[in-house]
Amino acid sequence: MDIAVAALEAWMRDYYHKVDHDIGSSGVRDLTMAEFRAVCGFELGQLETMIFHDSESYGGPGLRSALADRWTGGDVDRMMVTHGSSEAIYLVMHLALEPGDEVVVLDPAYQQLHDIAAWRGCRVTRWRLDPDHGFAADLAELRRLAATRPRMIVVNFPHNPTGTSITAAQQRELIAIAAEAGSWLVWDHAFGELTYAADPLPIPWPAYDRSIVFGTFSKSYGLAGLRVGWCTAPPGLLARMALLRDYIALYVSPVLEFFAEQAVRHADRIVALQRDHARHNRQLLIDWVAERPELARFTPPAGGVAAFVEFPGQPDMERTCRRLAEEHKVLLVPGSCFGEAYRSYARLGFGGTAEELTAGLDRLDQVLREDAGRT
Ligand SMILES: Cc1ncc(COP(=O)(O)O)c(C=O)c1O
């Protein structure tokens, strides 16, 4: 297999199910079925009449139209239901790109957003978020990179792993840059609904027709185990995606679609609940970092529940994270999962319970102090 190992997923495979405290994941606290039902107000008895029919290639009509109502002004022709946004990313990178195409992708970024294109023989150019400027997006730099008219520009705001975002004015500039270059604009909206200081940004459609948007229930809703996501794209591209998924997964289970439709129809309530919870934890993390400037520093995230924390005394956070997982049963994700340049960083997820976050941070503090004493 000549595709690069998905380092973050491999790390999760090793440790996610073996730890007691998760301060590494990028999603908010997952809901129990009872909590989910309480927010949405449905009964499990409603499933009694469900028939285990096949669903449809683009998603069953109930979920697809609920998603279209929320995201595309009711236009179902631009909406496809997928197995997590992961499936959408995979399909799009195969069908909107050809070997030799240039793709501009943020750096750092969720690996699937660049390595599928690289595997397909595309030329991947990285748009660097500068650590010395709090990972703020530099639109002038993007304009410079787009002068070569890349086939695709791939962004994700609020961003995994830094939580950085852009303003509405910068989003308009981004769209203008993509339009001038004639590029596909891929907008990964995984954390789009969960912001702190500013209102969530709109998706770039209908402002820009050549936009492709990925969404998911895994991050801002606390429904990671549902494995449902969605994609908006021009109908012609979705039609080709339907042909490719005939070889993979065909369609999403109607059982999952039932729950996902409940989630979309009650999305504002679910996200409001999760945002209150995440805002509280975010403050715990800000305080924790402020109390130990010699050990850790970061720019508080504008959205999502992941922060990219630099540990100046730790040249190899992978070793530290491994020790944390194996000796203290705490999950933290080493920055190296996002590239070698980030070895002294870790992705710190603050979406879990406050108790879990506090317990995980206590153990992290202990390991960092032990390591500092050793050197
Ligand atoms: C930025 C981003 N996009 C997409 C995904 C894929 O998520 P899912 O397949 O659960 O929808 C992730 C998962 O971590 C992510 O961080």
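Residues in segment 79-112 that are assigned to a helix (DSSP H, G or I) and more than 20 Å from the chain's Cα centre (by Cα): Leu95 alone.
Candidates in segment 227-242 are the residues that are surrounded by 24 or more Cβ atoms within 10 Å (Cβ to Cβ) and within 12 Å of the ligand (Cβ to nearest atom); of these, the one that is nearest to Val186 (Cα to Cα) is Cys231. Here Val154 clears all of (1) closer than 15 Å to Cys231 by Cα; (2) surrounded by fewer than 22 Cβ atoms within 10 Å (Cβ to Cβ) except the condition numbered (2). Residue selection: Val39 fails the criterion of being in contact (Cβ under 8 Å) with a residue 40 or more places away in the chain and surrounded by 23 or more Cβ atoms within 10 Å (Cβ to Cβ). Set side by side, the residues Ala207, Ala197 differ, and just one is at pLDDT below 95 and either under 28 Å from Glu35 (Cβ atoms) or surrounded by fewer than 23 Cβ atoms within 10 Å (Cβ to Cβ) (or both), which is Ala197.
Restricting attention to segment 320-375, the residues that are in a helix (DSSP H, G or I) and aromatic (Phe, Trp, Tyr) total 2. Among the residues that make up segment 152-160, is at least one of them more than 12 Å from the ligand (Cβ to nearest atom), more than 28 Å from Met12 (Cα to Cα) and without any contact (Cβ under 8 Å) to a residue 40 or more places away in the chain? No; the residues of segment 152-160 include none that is more than 12 Å from the ligand (Cβ to nearest atom), more than 28 Å from Met12 (Cα to Cα) and without any contact (Cβ under 8 Å) to a residue 40 or more places away in the chain.
For every residue, the table says whether it meets (1) in a helix (DSSP H, G or I); (2) basic (Lys, Arg); (3) within 16 Å of the ligand (Cβ to nearest atom).
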| position | (1), (2), (3) |
| --- | --- |
| Arg29 | no, yes, yes |
| Phe36 | yes, no, no |
| Phe52 | no, no, no |
| Gly74 | no, no, no |
| His114 | yes, no, yes |
| Ala118 | yes, no, no |
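The values are calculated or read from the model by the stated rules, or taken from the named source; none is laboratory data. These figures come from a predicted structure and were not determined experimentally. Positions of Cβ are backbone-derived with ideal geometry, glycine not excepted, and every protein chain shown enters the neighbour counts.
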